[in-house]
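Enquirer: Could you have a look at this structure, given as structure tokens, before my questions?
Nothing in this text is a laboratory measurement; each read-out follows from the coordinates by a stated rule. As the structure is a computational prediction, the values presented were derived from the model and not from experiment. Quick reminder, even Gly has a Cβ in these numbers, built from the backbone with ideal geometry, and neighbours come from all protein chains shown.
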């Protein structure tokens, strides 16, 4: 029987140094991707867009919206958003628009004289001014 067995202490390999980085900082290609995505989000959140369906309806009725019209729509949408609206009717001269305020998107458009029933809205606003 062997009683005198000595174990040699185990030597652990040195652990790599822990790299301390700020988790809020991102570098390399991902940083530029992230910055571009944030710019796009900021741009989208401040401007009103016209859906394809609404654009076709505008063209069908002979309406065109210039920069001034879009600025007025944007002001109306911002007003409605501040009041907590989600789906709204926007009356602009002889034009009636249904808009998703949350998405800042005009969903459909028609002549206000052709408007009979409007459902699934929680608010309405009239924009004054001639186009």
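Enquirer: Between residue 70 and residue 93, with labels modelled 7 Å along Cα→Cβ, what's the label distance in nm to one decimal, could you check?
Expert: Each label point lies 7 Å from its Cα, and together they span 1.7 nm.
Enquirer: With the calculation restricted to Cα positions, what are the radius of gyration and Dmax of the range 71-123 in angstrom?
Expert: 10.4, 29
Enquirer: Within 10 Å of each residue's Cβ, count the other Cβ atoms and sort 93, 117 from fewest upward.
Expert: The order, fewest Cβ neighbours first, is 117, 93.
Enquirer: Compute the distance in nm between two label points, each set 7 Å from the Cα along the Cα-to-Cβ direction, one at residue 49 and one at residue 118.
Expert: Roughly 2.3 nm, to one decimal.
Enquirer: Taking the simple approach of a point 7 Å from Cα along Cα-to-Cβ for both residue 126 and residue 61, what is their distance in nm?
Expert: 1.6 nm
Enquirer: Now a separate question. If eta is 1.306 mPa s and T is 10 °C, what Stokes-Einstein diffusion coefficient results for the range 41-131, Kirkwood Rh from Cα pairs, in µm²/s?
Expert: On the way: Rh = 13.0 Å.
Estimated via Stokes-Einstein, D reaches 122 µm²/s.
Enquirer: If neighbour count is taken as other Cβ atoms inside 10 Å, put 74, 114 in order from fewest to most.
Expert: With the sparsest Cβ surroundings first, the list reads 114, 74.
Enquirer: What does the extension gain come out to for residue 81 and residue 100, with contour length at 0.36 nm per residue minus their alpha carbon separation?
Expert: Net length gain for the segment: 5.9 nm.
Enquirer: Express as a percent, rounded to the nearest 5, the fraction of DSSP beta bridges in the range 48-127 (both residues included) that run antiparallel.
Expert: On the way: 12 of 19 bridges.
The antiparallel fraction comes to roughly 65 percent.
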